[in-house]
Amino acid sequence: MKLWSLFVRPLLDSFRDLLPIVLVIAFFQLVVLRQPIPNLMELLFGTLLVAMGLAMFIRGLEMGLFPIGEGMAYAFARKGSLGWLLTFAFALGFGTTVAEPALIAVAGEAAKVAAEGGMIANDATARDAYALGLRLTVAVSVGVAIVIGVFRIIKGWPIHYLIIAGYLGVVTMTLFAPPEIIGIAYDSGGVTTSTITVPLVTALGVGLASSIKGRNPMIDGFGLIAFASLTPMMFVMLYGIAIQ
């Protein structure tokens, strides 16, 4: 029973989640293109590896990252130090974002395109500096977003007012930002909400809302990811204005 709950069931769930992707690819390859699937055995083996990796990843989140985030949120709430809680929130947002594989990939690609487009010098040093600056900008923005989200949970502010104000800011900054940076800025809001950031930040919000009297974890615990998707757009556009 323990083996079933630890690995077999997550593996079956992963196969179930991957099934729609497999069916779509098979349909278009066999029915629309009417061609055999190339390297079928390699694809099947690769799919098996993906399912196993996804199952272990999900199980690892349940066993490790979620308890860590919730436990530290409880501990800081009991400690009663707002300064340390907000410092931890910023550090968590910054640290998880700067390590995001998706952000690293997008920053590297953006630096390459910027060099080819003449925005920066086309050498390794300039590209690395541009990519690092973009990553740090996004990481700082997510840190600020988590601080705002945590402060909202503590104060009990309605989330929709802050989100509306944030998107008004995004639209306003879009009018003044360089056209070359706007697409990157909007994509930066998506790549921050990936495999490392989401579990820890979600656990932090739910744990904090659960530990504060009068807060509903369902209503107040979620929403931090929305801020983490919003602020990078503004910060990256500011970054584009600054480097221009």
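For the chain, modelled as a GNM whose springs connect Cα atoms under 10 angstrom apart, the maximal fluctuation among GLY223, GLY46, GLY156 occurs at GLY46. In a fully extended conformation the segment linking ILE241 and THR47 would gain 65.5 nm over its present Cα-Cα distance, using 0.36 nm per residue. The magnitude of the dipole of region 15-98, with charges of +1 and -1 set on the Cβ of Lys/Arg and Asp/Glu and taken from the Cα centre, is near 140 debye.
Work out, step by step, the length gained on full extension between SER210 and ALA126: first 0.36 nm times the residue separation, then minus their alpha carbon distance; give nm to one decimal. Intermediate values should be presented prior to the final figure.
Details: separation 84, 0.36 × 84 = 30.24 nm, distance 4.61 nm.
Working it through step by step, the gained length comes to 25.6 nm.
Residues considered: ARG78, ARG127, ARG135. Largest GNM mean-square fluctuation over the chain, using C-alpha springs under 10 Å, is found at ARG78.
Placing pseudo-labels 7 Å out from each Cα toward the beta carbon at TYR74 and PHE222 gives an inter-label distance of 2.2 nm. Relative contact order of region 110-244: 36 percent, from C-alpha pairs under 8 Å at least 6 residues apart in sequence. The residues of the chain expose on average 55 square angstrom of accessible surface per residue, using a 1.4 Å probe on protein heavy atoms. A dipole drawn for the chain from +1 and -1 charges on Cβ atoms has a positive end, and of ILE154, MET41, LEU204 the residue lying farthest that way is ILE154. Electrostatic tally near ALA131: other residues with Cβ closer than 12 Å to its Cβ, Lys and Arg +1, Asp and Glu -1, net +1. Over the chain, Cα pairs under 8 Å with separation of 6+ residues give a relative contact order of 25 percent. Cβ under 13 Å from SER229's Cβ, SER229 left aside: what net charge do those residues give with Lys, Arg +1 and Asp, Glu -1? With Lys, Arg at +1 and Asp, Glu at -1, the neighbours total -2.
What ranking of PHE222, PHE235 comes out by heavy-atom accessible area, probe 1.4 Å, highest first?
Values: PHE222 100, PHE235 60 Å².
Per-residue accessible area, sorted high to low, gives PHE222, PHE235.
Here each label is just a point 7 Å from Cα along the line to Cβ, and for LEU82 and LYS155 those points are 0.9 nm apart.
Quick check: with the 1.4 Å probe, what order do THR87, THR96 take by accessible area, largest first? Don't jump to the answer; show the numbers that get you there.
Values: THR87 75, THR96 10 Å².
Ranked from most to least accessible, the order is THR87, THR96.
Phi angles of region 166-181 translate, via the Karplus equation with coefficients 6.51, -1.76, 1.60 and θ = phi - 60°, into HN-Hα couplings of x, 6, 4, x, 4, 5, 5, 5, 4, 5, 10, 6, x, x, 5, 9 Hz per residue; Gly and Pro are given as x. Just the protein heavy atoms count here, and of the accessible area of region 162-239 at 1.4 Å, carbon and sulfur take up 74 percent.
Heavy-atom accessible area of GLU116 with all protein chains present, probe 1.4 Å, nearest 10 Å²? Accessible area of GLU116: about 130 Å². Taking Cβ atoms as reference points and 15 Å as the exclusive limit, the residues near LYS112 contribute a net charge of -4, counting Lys and Arg as +1 and Asp and Glu as -1.
Residues VAL113, VAL144, sorted by accessible area with the largest first, give VAL113, VAL144 [1.4 Å probe; ligands and nucleic acids excluded].
Here region 1-138 has 71 percent of its accessible surface on carbon and sulfur atoms, given a 1.4 Å probe and all protein chains in place. Choose one answer from ALA139, ALA111, ALA126: the residue with the largest mean-square fluctuation in a GNM of the chain with alpha-carbon springs under 10 Å. Of the options given, ALA126 has the highest mean-square fluctuation.
The values are calculated or read from the model by the stated rules, or taken from the named source; none is laboratory data. Here the structure is a predicted model, which means the values were calculated and not measured. Cβ sites come from the backbone with ideal geometry, for glycine too, and all protein chains shown count toward neighbours. Surface areas here come from the heavy atoms of the whole protein model, side chains and all, with no ligands, DNA or RNA. Shrake-Rupley method; radii C 1.70, N 1.55, O 1.52, S 1.80 Å.
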